[in-house]
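A quick write-up on the structure given underneath.
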Amino acid sequence: MSNTEFPDDELRQEQEFIDGLYARVDALRGDAEVSVTEALAQGNTPMQARLERDILVAERSGLLAALNAVDGSLCFGRIDPVSGDTHHIGRIGLRADDAERTPVLIDWRADVARPFYLATGHTPMGLRRRRHISTEGRRVTALHDEILDLGDETRTGHEDPTGDAVLLAALNSARTGRMGDIVRTIQADQDRIIRAPHRGVMVVEGGPGTGKTAVALHRAAYLLYEHRELLARRAVLIVGPNPAFLGYIGEVLPSLGETGVLLATVGELFPGVKTTRADTPEAAAVKGRAEMADVLAEVVRDRQALPDPVIAIEHDREILMLDDGLVNVARERTRAAKLPHNAAREHFEGHILNALTDMVAERIGTDPYDGSNLLDPSDITQIRDELAENPEVWSAIDRLWPRITPQRLVADFLAAPEGHLPDADAAAVRRPVTRHWTVSDVPLLDEAAELLGEDDRPARERAERERQTQIAFAQGVLDVSYASRTFEFEDKEDDDPESSEVLSAHDIIDAERFAERHEEEDHRSAAERAAADRTWAFGHIIVDEAQELSPMAWRLLMRRSPTRSMTLVGDPAQTSEAGGVGSWADILSPYVEDRWEHTRLGVNYRTPAEIMDVAAAVVRAEHPGFAPPSSVRSTGVAPWARATDDLPGAVAQAVAELTPAEGRLAVIAPRETHRALAARLDGVTAGAEPDLTHDVVLLDPRQAKGLEFDSVLVVEPGRYGTSDLYVALTRATQRLGVLHTEPLPKPLADALA
């Protein structure tokens with residue numbers, strides 16, 4: 001077969017196959033939409049039918065979400081085994097309507113699809129050909145065939161001599177402000193990480209542009225496919241460094257047919273608090289230390305007070321004195337139970353009531369002649385019950401062992417940290433009581449919640465009152481049902497079999513069971529329920545930019561992963577947060593010792609060699625042994641630098657020069673320059689959360705973590721630390737410029753010379 005004989009026929013065949021797939025998808029979508037509509041129309045149904053309707057809606061809505069997410073890029077590849085049928089590979093799996101449910105499209109995560117990513121000419125894995133199918137919407141635009149069996153002389157005219165055309169096209173394509181999936185171009189080293197076993201902690205280290213974030217997201221999709229039942233029930237949590245980053249990656253998992261994942265920053269992991277505010281570096285460093293757990297425990301113990309010197313309680317025209325010795329005995333006995341503060345309060349209440357009861361009993365029940373006790377147990381119980389109704393008793397208990405919320409505890413501590421922290425640290429974190437929280441506060445709130453626990457008696461009492469109300473209502477419904485049946489058959493003879501054999505609801509169910517059947521079911525997804533539950537245990541946690549998290553943030557995350565099933569991705573060379581741990585061993589040894597797996601991605605797919613050489617020189621000046629990732633491509637465009645006396649004007653001019661017809665440009669500048677720069681840039685607002693879909697965005701280096709742009713303009717690099725400068729220099733996929741009024745750091749100046 002010649003190279004030109006059947007190229008159009010190959011395209012036609014693939015287009016017909018794609019058309020057939022979409023006909024199937026449209027039919028499924030139509031069935032799902034009809035089913036949802038019909039199910040929702042069944043509003044007034046018995047309880048069992050209503051539950052079945054809700055389940056159906058959830059299932060069909062999930063199917064609709066998956067079908068809508070992958071629409072337009074459903075199938076991207078084909079593998080042709082040496083023997084056997086070909087397999088088309090896509091974002092989701094589809095089956096035929098025949099009796100055998102024959103697979104028509106293979107999900108990329110299935111084992112049979114793995115040769116699409118791993119086969120080589122040296123190890124063909126039973127394949128003779130691998131085909132990449134390029135599409136625009138539903139139209140096939142190009143085919144790229146790789147010959148894996150060199151003995152096979154069949155040619156289609158779509159052969160790719162290097163096998164890199166699809167990868168390079170993806171790398172060189174204009175950015176959109178949203179991360180795209182890499183499902184078409186997963187490389188062998190990435191595939192091994194994506195499909196690694198579910199259990200345990202895996203650390204994926206990689207420099208800029210190595211695809212570690214994309215690998216982590218595809219690993220989430222793979223785990224949800226491989227362990228669907230477990231992870232659908234317990235959910236997957238993905239933790240990112242900031243909201244802009246989460247927005248940037250937010251479309252990847254839906255494009256792979258997965259919508260049931262919780263994406264959050266550390267500032268969103270305490271229910272009821274959502275913050276992006278940052279502390280000063282000094283305050284963040286203090287709040288992030290592991291020692292803060294002991295400090296907060298000490299703060300809680302300080303709230304378990306003693307009288308100074310006594311508390312007088314008037315009861316039944318007598319004065320009862322609670323002194324520090326008596327209260328201390330109650331306090332130590334309560335602490336011995338080793339319960340969280342709020343949960344332990346019930347024990348403290350009991351000890352205080354018992355002590356006061358003994359005090360009253362001794363006064364009124366002691367025989368003046370022989371000192372014997374004249375009261376029987378029922379008298380003692382009555383005294384205790386009367387004390388329990390005395391408001392002064394509860395006022396004293398509230399002073400000595402108050403109920404405390406995590407928010408109140410942390411706010412009060414930060415308002416007056418003296419006595420718990422060294423003077424310099426106290427000065428760094430001190431602030432007035434405020435409603436505004438910072439990201440560094442969230443781990444403290446979580447630690448406080450762990451130390452305080454919850455006194456759930458009020459909630460249990462409310463639930464019981466609601467339950468009794470529902471039972472009473474259900475009893476009324478059953479009584480009406482019974483009365484209706486009695487009225488219907490009251491004119492029948494006593495021996496009429498119809499009147500004696502027909503049962504009503506009253507005969508087969510009691511009010512309590514009937515009320516239980518009508519309780520509202522929680523139909524939120526696992527991710528939605530997890531977001532509202534601080535104690536939720538996730539099935540798997542993925543942390544991006546993991547090197548930036550503080551020890552206190554790790555305590556928070558480890559509570560949410562009791563099985564220690566985690567994937568951590570990051571790069572210690574990019575550590576910039578003052579509280580960041582940086583070292584993988586320092587992060588993990590308190591929790592799993594040395595029982596964790598480490599792997600490294602060493603190929604840079606984003607940053608051209610010309611830019612990477614400059615960025616590496618900056619780091620190498622401080623760390624001579626630094627080994628950067630290897631760039632897979634060069635653009636022939638060298639980075640440049642310009643000195644200027646008019647920074648806003650020079651930035652505006654450079655932006656006009658660099659902004660491509662397609663793609664995105666980032667101006668990465670110190671935060672203090674943003675207002676002046678934004679005034680000269682159309683559509684850019686200083687201080688606002690950046691919209692990465694805009695042609696031009698203004699960021700500081702830490703906001704730029706994990707992001708990529710076609711062009712990058714780095715402003716005043718002399719104000720950055722080494723890690724921040726390394727981040728800023730490695731965000732570009734095509735062009736890099738540097739503007740400055742201050743002298744350049746010498747390593748950067750030398751590299752750009």
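Per-structure values
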read-out: Computed E for ALA336/LEU374 - FRET, C-beta separation, R0 25 angstrom, nearest 0.05; value: 0.15
read-out: Sites GLN382 and ALA585 - FRET efficiency at Förster radius 56 Å, r taken between beta-carbons, to 0.05; value: 0.35
read-out: Solvent exposure ordering (accessible area, 1.4 Å, most first) of LEU451, LEU150, LEU253; value: LEU150, LEU451, LEU253
read-out: Of all DSSP beta bridges in the chain, antiparallel share, percent nearest 5; value: 35
read-out: Test item: Cα-centred dipole of the chain, Lys/Arg +1 and Asp/Glu -1 on Cβ, debye; value: 3400
read-out: In Å², nearest 10: area of TYR605 left accessible to a 1.4 Å probe; value: 30
read-out: 13 Å beta-carbon shell around LYS274, net charge (K/R +1, D/E -1); value: -1
read-out: Two-decimal Rg to Rh for the range 147-224 - Kirkwood Rh, Cα set; value: 1.06
read-out: Spin-label model distance (nm) - GLU251 vs THR120, 7 Å beyond Cα toward Cβ; value: 3.4
read-out: Probe 1.4 Å, all protein chains present, accessible-area order of ASP376, ASP682, ASP181, largest first; value: ASP682, ASP376, ASP181
read-out: Potential lengthening between ASP594 and THR259 on full extension [0.36 nm per residue; Cα-Cα distance subtracted]; value: 117.2 nm
read-out: Charge dipole of the chain about the Cα centre (unit charges at C-beta), most positive-ward option of GLY579, ALA264, LEU601; value: LEU601
read-out: Gain upon complete extension [ALA656, VAL433; 0.36 nm per residue less C-alpha separation]; value: 75.7 nm
read-out: Apportionment of accessible area to carbon and sulfur, the chain, percent (1.4 Å); value: 50
read-out: Positive-end residue, the chain charge dipole about Cα centroid, Cβ charges, pick of LEU253, LEU752, GLY683; value: LEU752
read-out: Whether the range 111-159 is rounded, prolate or oblate, judged on the alpha carbon gyration tensor where a/c under 1.5 counts as rounded; value: oblate
read-out: Candidate values (i) 118, 89, 49; (ii) 77, 77, 51; (iii) 90, 51, 50, label of the one derived for Cα extents along the principal axes in Å; value: (i)
read-out: Amide H partners (placed H, <5 Å) of ALA641, local residues excluded; value: VAL738
read-out: Accessible area of SER583 in the full protein assembly, 1.4 Å probe (Å², nearest 10); value: 40
read-out: Magnitude of the charge dipole, the range 241-320, Cβ model with Lys/Arg +1 and Asp/Glu -1, debye to 20; value: 300
read-out: Of VAL204, LEU167, ALA188, farthest towards positive along the dipole that unit charges on Lys, Arg, Asp, Glu beta carbons give the range 154-206; value: VAL204
read-out: Relative contact order of the chain, pairs being alpha-carbon contacts under 8 Å that are 6 or more residues apart, as %; value: 15
read-out: Rounded accessible area per residue of the chain, 1.4 Å, Å²; value: 48
read-out: Contact order relative to length of the range 154-295, as percent, for alpha carbon pairs under 8 angstrom and 6 or more apart; value: 22
read-out: Nitroxide proxy distance, nm - points 7 Å out along Cα→Cβ at GLU229 and THR276; value: 4.1
read-out: Computed label-point distance, nm, for sites ASP645 and ASP324 using a 7 Å Cα→Cβ extension; value: 7.2
read-out: Area of PHE473 that stays accessible when all protein chains are in place (1.4 Å probe, Å², to 10); value: 150
read-out: Solvent-accessible ranking of HIS122, HIS540, HIS598, HIS87, largest area first, probe 1.4 Å; value: HIS122, HIS598, HIS87, HIS540
read-out: Computed FRET value (nearest 0.05) for ARG138 with VAL603, which takes r as the C-beta separation and R₀ as 35 Å; value: 0.60
read-out: Quotient of C-alpha Rg and 2.2 N^0.38 Å, computed over the range 193-328; value: 1.75
read-out: ARG431 long-range amide H proximity, modeled H, under 5 Å; value: ALA415
read-out: Whole-number percent relative contact order across the range 326-429, with pairs defined as alpha carbons under 8 Å at least 6 apart; value: 23
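The values are calculated or read from the model by the stated rules, or taken from the named source; none is laboratory data. What you are looking at is a predicted structure, and each value in this text was computed from that prediction instead of being measured. Note that each Cβ is placed from the backbone with ideal geometry, even for glycine, and that neighbours are counted across all protein chains shown. Please note that ligands, DNA and RNA were not included when accessible areas were found on the heavy atoms of the full protein model with its side chains. Shrake-Rupley method; radii C 1.70, N 1.55, O 1.52, S 1.80 Å.
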